[in-house]
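S.K.: The structure that follows is given in the form of structure tokens.
The values are calculated or read from the model by the stated rules, or taken from the named source; none is laboratory data. Every value quoted in this text rests on a predicted model; they were computed, and no experiment measured them. Neighbour counts are summed over all protein chains in view; Cβ atoms, including those assigned to glycine, are modelled from backbone coordinates with ideal geometry. Accessible surface is based on the protein model in full, side chains and every heavy atom, while ligands, DNA and RNA are left aside. Shrake-Rupley method; radii C 1.70, N 1.55, O 1.52, S 1.80 Å.
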Amino acid sequence: MSRIKNAFASLEAQGKKALIPYITAGDPQKDATVPMMHALVNAGADIIELGVPFSDPMADGPTIQLACERALAHNTSLHDVLAMVAEFRTTNSSTPIVLMGYLNPVERMGYETFVAAAVEAGVDGVLMVDLPPEEAVDVEGFFKSRDLDMIYLIAPTTKDERIERIGHAGSGYVYYVSLKGVTGSKALDVDDVARNLERIRKHVSIPVGVGFGINTGETAAAVSKVCDGVIVGSAIVNLIAANADNAKAAQDAVSALVGSMRTALDA
Amino acid sequence: MSTNKPFDLDLPDARGHFGIHGGRFVSETLSAALDELETTYKKLRDDADFQAAFDKDLAHYVGRPSPLYLAERLTAHCGGAQIYLKREDLNHTGAHKINNTIGQALLAKFMGKKKIIAETGAGQHGVASATVAARFGLECKVFMGSTDVERQKLNVYRMKLLGAEVEAVESGTKTLKDAMNEAMRHWVTHVDDTFYIIGTAAGPHPYPMLVRDFQSVIGREVQRQSVEQFGRQPDALVACVGGGSNAIGLFHPYIKYPEVAMYGVEAGGLGLDGNDHAAPLSKGRPGVLHGNRTYLMEDENGQIMGTHSISAGLDYPGVGPEHSWLKDVGRAQYVAATDDEALDAFHKLTQLEGIMPALESSHAIAYAMKLAATMKPDQVIVVNLSGRGDKDIHTIATLDGVTA
Ligand SMILES: Cc1ncc(COP(=O)(O)O)c(C=O)c1O
């Protein structure tokens, strides 16, 4: 069983919801990332979404744009990100890792090379924001051949027949984008999410995570009632930015936030 | 004219691909909006009312057809092929950009959208969008990199006079690509009531197709005017390539006539040997940016590189996917002109013909001058003079050490 499938199965057995934090690899320094990943796990993360920095993050708001700029200021490459995952795996063999980012760094590395290197490093799934299932048909074979989960987005604007297609194309989980907007938006509407989740569940049998706009334990807990996991990005990245010159302080601040979200989710 | 069809004229395919290029690489929120746009466009493309409205505005608002002009003194100076200029600079607002914004504003109107957004580099597309917004009574917001806001002050003021809001974009390299990122972000957030008017033949499907179709009026007019003026089709076409809309507008109707050579001229900046240029077709490789696969300027890790060109309108690291396909199949040749060559061409055309070209168009003139010299006097080159140079006079004065 894949690590992701395993994680959701064991959470379900315990009656819990997945807490999925996002950080941008290499932000603010390359050597800060692996310790931060361990801190996330210790604070209660079930799965980690590790952002691959990109020069043109079209779907991201200012918080993650700036995280990408900080990471790229010292050239954090896809190779570096894979090396971070490999290092993390030397002491953690159970927490699933999903690489999240944009397609071009993968295109540049080459699909076959990337998939082999990602599996070798211990990556479990890949979410490419600008690779919808229609375009993925040309390349999904590479991912499937090595059992890398393909995680796709579903948006409030996604029509039912597309939801069904995405449900079939994806594996591991699908990522429901809670609102029309970019990452870091504040306008999440829990009732609206609940209505859309009902629609999604009719067509999708794998777990559904919800992200965009979740920044407090309270929202996380409310949203988790209708889905299988919550994804928290900009709220964490903001704390990393605020403590960019002090790795220990950043870890403490992030651990406190993630810990409080864990508590709220499990309450 | 030969009738053999060695090239697939039905591109893009159903998924918006031109060979390996094009497509729709966007985040999920935009998929529905692009589907809706594609469906609407395919319906209106063959709709007599829509076409009549488009043709009417091209004739009476833009001032089409634009002249095809034999540049006699420039021809004599080069000593070779006859150089004809397709005078898109004489269009209302001073460039080819207005052909496309009229088409897309009409689409917006037919779709019931009251707000339009646009990205702009030199400001020409921003001005053309603000203009049609005024013309059709739409609310308009233009995204422009803060570097470009600084170097194209006059166009920023023009947009404001026209009632548009100009948002200076501070992210990334603060130029055209970042303006496009920010426009996409705004669109994702306001997708229900907003129409995004992309200014060049790039972006996710169906934009490259519909921008091409709206700009193809240029090439169709040249076909007709050539027969009228010299009794046959030209031997070569030359156009500058930023995102590629003026070039594809000239080239597309000619793809099926292989005896007509096509040359796209990219911004060679300080020279193609270094990285200070904006010539993805000449020096880049295929990748994915702004919703399409196409030739890009990127580093070894797939990060998009900053570009350099004297002309803001060519300062873009990607290019429309149809050009990438034309390059791959060998139907068009892509070359470059440097900043210095473009400047020189600007002065030559101004002094020999009394026509001040935009710095973008000056790149096409620069290459056409070289090409003409290698051809015979009974041969004909048509150059797309995509815009006029008024907006660039400040830049040129500064470069010449004049404080205007
Ligand atoms: C006069 C003129 N020509 C050419 C261009 C380049 O765009 P494209 O390659 O889409 O024609 C611009 C862009 O601003 C322009 O203003």
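S.K.: Under 8 Å by Cβ, and 6 or more places apart or on different chains, what pairs join a residue from the range B:230-243 that is within 11 Å of B:GLU266 (Cα to Cα) with one that is of a type in the set (D, E, K, R) and more than 7 Å from the ligand (Cβ to nearest atom)?
M.R.: B:CYS240/B:GLU266; B:VAL241/B:GLU266; B:GLY242/B:ASP315
S.K.: Looking only at residues that are under 21 Å from B:PHE136 (Cα atoms) and out of contact with any Ser or Thr (no Cβ under 7 Å at 6 or more places or on another chain) in the range B:177-203, which one is farthest from the other protein chains (Cβ to nearest Cβ)?
M.R.: By that ranking, first place goes to B:PHE195.
S.K.: If you don't mind, another one. Only helices (runs of 4 or more DSSP H) wholly contained in the range B:269-376 count here; list those with 1 or more residues that are over 25 Å from B:ALA179 (Cβ atoms).
M.R.: B:321-328, B:339-353, B:359-373
S.K.: Now, a different point. Of all residues in the range B:108-124, how many are farther than 14 Å from B:ILE197 by Cβ and more than 10 Å from the ligand (Cβ to nearest atom)?
M.R.: The number of residues fulfilling the criteria is 1.
S.K.: If B:PRO286 passes every condition in (1) modelled with pLDDT under 95; (2) farther than 22 Å from B:TYR367 by Cα but one, which one does it miss?
M.R.: It is condition (1) that B:PRO286 fails.
S.K.: Of (1) in contact with a strand residue (DSSP E or B) (Cβ under 8 Å, 6 or more places away or on another chain); (2) part of a loop (DSSP other than H, G, I, E, B), A:MET261 satisfies all except one. Which?
M.R.: (2)
S.K.: Can you name the number of the only condition in (1) buried (at least 22 other Cβ atoms within 10 Å of the Cβ); (2) touching a residue at least 60 places away in the same chain (Cβ under 8 Å) that A:SER2 fails?
M.R.: So the condition that A:SER2 fails would be (1).
S.K.: Can you tell me which of B:GLY313, B:GLY291, B:GLY330 is touching a helix residue (DSSP H, G or I) at 6+ places or on another chain (Cβ under 8 Å) and on the phi > 0 side of the Ramachandran plot?
M.R.: None of the other options fit; the residue is B:GLY291.
S.K.: Which residue is farthest from the other protein chains (Cβ to nearest Cβ), if the candidates are limited to the range A:102-117 and must be in a helix (DSSP H, G or I) and within 16 Å of A:PRO53 (Cβ to Cβ)?
M.R.: A:PHE114
S.K.: A:ASP138 passes all but one of (1) within 14 Å of chain B (Cβ to nearest Cβ); (2) at pLDDT 95 or above; (3) in a loop (DSSP other than H, G, I, E, B); which number fails?
M.R.: So A:ASP138 meets the others, but not (2).
S.K.: Using the structure shown, decide if B:MET369 is more than 16 Å from the ligand (Cβ to nearest atom) and within 14 Å of chain A (Cβ to nearest Cβ).
M.R.: So B:MET369 fails the test.
S.K.: Moving to a separate point now. Is it true that B:MET305 is within 16 Å of the ligand (Cβ to nearest atom) and of a type in the set (A, V, I, L, M, F, W, C)?
M.R.: no
S.K.: Residues of the range A:119-144 being farther than 24 Å from A:MET84 by Cβ and touching a residue at least 12 places away in the same chain (Cβ under 8 Å), which ones?
M.R.: Passing the criteria: A:PRO132, A:PRO133, A:ALA136, A:GLU140.
S.K.: Also: Out of everything in the range B:140-172 that is in contact (Cβ under 8 Å) with a residue 60 or more places away in the chain and touching a Lys or Arg at 6+ places or on another chain (Cβ under 7 Å), what residue ends up being nearest to B:GLY94 (Cα to Cα)?
M.R.: B:ASN155
S.K.: Considering only residues that are in contact (Cβ under 8 Å) with a residue 12 or more places away in the chain, of a type outside the set (Lys, Arg) and more than 16 Å from A:GLU49 (Cβ to Cβ), look in the range A:13-30 and name the one that is least open to solvent (accessible area, probe 1.4 Å).
M.R.: The residue in question is A:PRO28.
S.K.: If we scan the range B:56-65, do we find a residue that is of a type in the set (A, V, I, L, M, F, W, C) and in contact with a strand residue (DSSP E or B) (Cβ under 9 Å, 6 or more places away or on another chain)?
M.R.: Taking the range B:56-65 as the starting set, the residues that turn out to be of a type in the set (A, V, I, L, M, F, W, C) are B:58-59, B:62.
Those still in the list that are in contact with a strand residue (DSSP E or B) (Cβ under 9 Å, 6 or more places away or on another chain) too: none.
No, the range B:56-65 contains no residue that is of a type in the set (A, V, I, L, M, F, W, C) and in contact with a strand residue (DSSP E or B) (Cβ under 9 Å, 6 or more places away or on another chain).
S.K.: State whether one or more residues within the range A:126-137 are closer than 20 Å to A:ASP60 by Cβ and out of contact with any strand residue (DSSP E or B) (no Cβ under 8 Å at 6 or more places or on another chain).
M.R.: Narrowing the range A:126-137 to residues closer than 20 Å to A:ASP60 by Cβ: A:126-132, A:135.
Then keep just the ones that are out of contact with any strand residue (DSSP E or B) (no Cβ under 8 Å at 6 or more places or on another chain); that gives none.
Within the range A:126-137, none of the residues are closer than 20 Å to A:ASP60 by Cβ and out of contact with any strand residue (DSSP E or B) (no Cβ under 8 Å at 6 or more places or on another chain).
S.K.: Quick check on my filter: what residues within the range B:297-318 are closer than 22 Å to B:GLN152 by Cα, in contact with a Ser or Thr (Cβ under 6 Å, 6 or more places away or on another chain) and open to solvent by less than 30 Å² (accessible area, probe 1.4 Å)?
M.R.: Of everything in the range B:297-318, those that are closer than 22 Å to B:GLN152 by Cα, in contact with a Ser or Thr (Cβ under 6 Å, 6 or more places away or on another chain) and open to solvent by less than 30 Å² (accessible area, probe 1.4 Å) turn out to be B:ASP315, B:PRO317, B:GLY318.
S.K.: Out of the strands (runs of 3 or more DSSP E) lying entirely within the range B:1-112, which hold 2 or more residues that are surrounded by 23 or more Cβ atoms within 10 Å (Cβ to Cβ)?
M.R.: In the range B:1-112, the matching strands (runs of 3 or more DSSP E) lie at B:21-25, B:82-87.
S.K.: Taking helices (runs of 4 or more DSSP H) that fall entirely within the range B:171-257, which contain at least 3 residues that are under 24 Å from A:GLN65 (Cα atoms), within 16 Å of the ligand (Cβ to nearest atom) and in the same structural domain as B:MET111 (by TED's automatic domain parsing)?
M.R.: Fully inside the range B:171-257 and qualifying: B:176-189.
S.K.: If we scan the range B:276-296, do we find a residue that is open to solvent by less than 10 Å² (accessible area, probe 1.4 Å), in contact (Cβ under 8 Å) with a residue 40 or more places away in the chain, away from the ligand (no atom under 16 Å from the Cβ) and away from chain A (no Cβ under 14 Å)?
M.R.: Our first condition is that a residue be open to solvent by less than 10 Å² (accessible area, probe 1.4 Å); within the range B:276-296, this holds for B:277-281, B:287-292, B:294, B:296.
This time we only want the ones that are in contact (Cβ under 8 Å) with a residue 40 or more places away in the chain, so: B:277, B:279, B:281, B:288-292, B:294.
Within this subset, residues satisfying the condition of being away from the ligand (no atom under 16 Å from the Cβ) are B:288.
Restricting the remaining residues to those that are away from chain A (no Cβ under 14 Å) gives none.
Taking every residue of the range B:276-296 in turn, none turns out to be open to solvent by less than 10 Å² (accessible area, probe 1.4 Å), in contact (Cβ under 8 Å) with a residue 40 or more places away in the chain, away from the ligand (no atom under 16 Å from the Cβ) and away from chain A (no Cβ under 14 Å).
S.K.: Of these, B:ALA134, B:ALA122, B:ALA168, B:ALA118, which one is outside any helix (DSSP H, G or I) and surrounded by fewer than 24 Cβ atoms within 10 Å (Cβ to Cβ)? Reasoning before the result, please.
M.R.: Numbers: B:ALA134 fails: outside any helix (DSSP H, G or I); B:ALA122 fails: surrounded by fewer than 24 Cβ atoms within 10 Å (Cβ to Cβ); B:ALA118 fails: surrounded by fewer than 24 Cβ atoms within 10 Å (Cβ to Cβ).
Answer to the selection: B:ALA168.
S.K.: Take the residues in the range A:70-92 that are more than 13 Å from every other protein chain (Cβ to nearest Cβ) and open to solvent by less than 20 Å² (accessible area, probe 1.4 Å); name whichever of them is farthest from A:ILE240 (Cα to Cα).
M.R.: Residue satisfying both the conditions and the ranking: A:ASN92.
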